[in-house]
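See structure below.
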Amino acid sequence: MSLVAEAFVSQIAAAEPWPENATLYQQLKGEQILLSDNASSLAVQAFLQMCNLPIKVVCRPNAEYMSPSGKVPFIHVGNQVVSELGPIVQFVKAKGHSLSDGLDEVQKAEMKAYMELVNNMLLTAELYLQWCDEATVGEVLEDVDQCCQALSQRLGTQPYFFNKQPTELDALVFGHLYTILTTQLTSDELSEKVKNYSNLLAFCRRIEQHYFEDRGKGSLSIRMS
């Protein structure tokens, strides 16, 4: 298919309403799903909840092989299959749903910078720890603390990072912090770093309650001890 044809198909898909049977695929819960993939999946789920878009979560043992990019999570919406948070945000925006349209250009640039910080530090930490690279654990934990400190300072006493309305940054941060707080690892050092920041814990509880519990998705049960 030519680029022009692909663009035309994408344009037609964007004009279609969000279906009730939209599905998100990820690996099986438990031992099979990686820490980083679990965080990414939860970030996408939170983002779609914030957009008020229904999504059914399906866990499959071969989810990554079903994905066109080989990465999870991915969503199946109509005839379209899209993987990872960034492309999903753009796909959803093409359908007329955006969490960051209310931000000015400076705020959008700031949001992207913080998203890069999360991906560079928290995602990297998850990847290191799931492969048990003991030689770099100290450095990784220091990076996580620096990242949490920066996020905590930016959040302050606001409900979300850009005041009263969540953006994709809130979804991304929630996905990673919640996963770190609730995943049983060989050491609690990583979750203890996050627990040092009370406003980040309150932020996670807020999103859990508003976008999961209050919408019948069930409690995500953030462990505090």
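Every number in this text was worked out from the coordinates using simple rules, so none of it is lab data. Just so you know, these numbers come straight off a predicted model, no measurement behind them.
Observations on the model:
- For the pair Q209 and N21, the difference between a 0.36 nm per residue extended length and the Cα-Cα distance amounts to 65.3 nm.
- Segment 85-126 and segment 153-188 have their alpha-carbon centroids 13 Å apart.
- The phi-based Karplus calculation (6.51 cos²θ - 1.76 cosθ + 1.60; θ = phi - 60°) puts the 3J(HN,Hα) values of segment 82-99 at 10, 10, 6, 4, x, x, 5, 4, 5, 4, 5, 4, 5, 8, x, 10, 9, 8 Hz, whole numbers, x for Gly and Pro.
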